[in-house]
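What follows is one structure encoded as structure tokens, with my remarks underneath.
The values are calculated or read from the model by the stated rules, or taken from the named source; none is laboratory data. Predicted model, so just to flag it, every value in this text is computed and none were measured. Methodologically, a virtual Cβ is constructed for each residue, glycine included, from the backbone with ideal geometry; neighbour enumeration extends over all protein chains shown.
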Amino acid sequence: MVFRRRPFADLIARQLDMFERDHAAEIADTNKRLRAYNEAEREDAEEAYGDYADSVDWVKESLEQLRDTYQLTLDGEAGDAYEAEFDRAVAKRWPRFAL
């Protein structure tokens, strides 16, 4: 049996927990905007989708900033490993915000 090391798993889980607490309103707003898009009449759907996409982009950019700020403290391969592990964790927790 092969075990993959995930040296940053605990750190990333704590970072994402903190992000979720600090940005709960923005995450909830994204969910609200997705519902609005799904329920929109045809003539309002394009604008509703644009609002949803803007909200998703804001959350993704905030997650990227969190990731990149910490990654700057790491050297070479460790930084690359952290980035890949962070991106996988985000995709697993919030697929719509995958980086």
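Summary of computed values
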{"item": "Residue in segment 61-72 that is under 20 Å from residue 23 (Cα atoms), at pLDDT 95 or above and in contact with a His (Cβ under 7 Å, 6 or more places away or on another chain) present", "result": "yes"}
{"item": "Residue that is modelled with pLDDT under 95 and charged (D, E, K, R), where the choices are 35, 21, 4", "result": "4"}
{"item": "Residue tally, condition of a type outside the set (A, V, I, L, M, F, W, C) and over 15 Å from the mean Cα position of the chain (by Cα), over segment 1-41", "result": "12"}
{"item": "Subset of segment 29-44 (residues that are more than 13 Å from residue 96 (Cβ to Cβ) and of a type in the set (A, V, I, L, M, F, W, C))", "result": "36, 40"}
{"item": "Looking only at segment 82-98, and only at residues there that are surrounded by 16 or more Cβ atoms within 10 Å (Cβ to Cβ) and aliphatic (A, V, I, L, M), the one that is farthest from residue 21 (Cα to Cα)", "result": "89"}
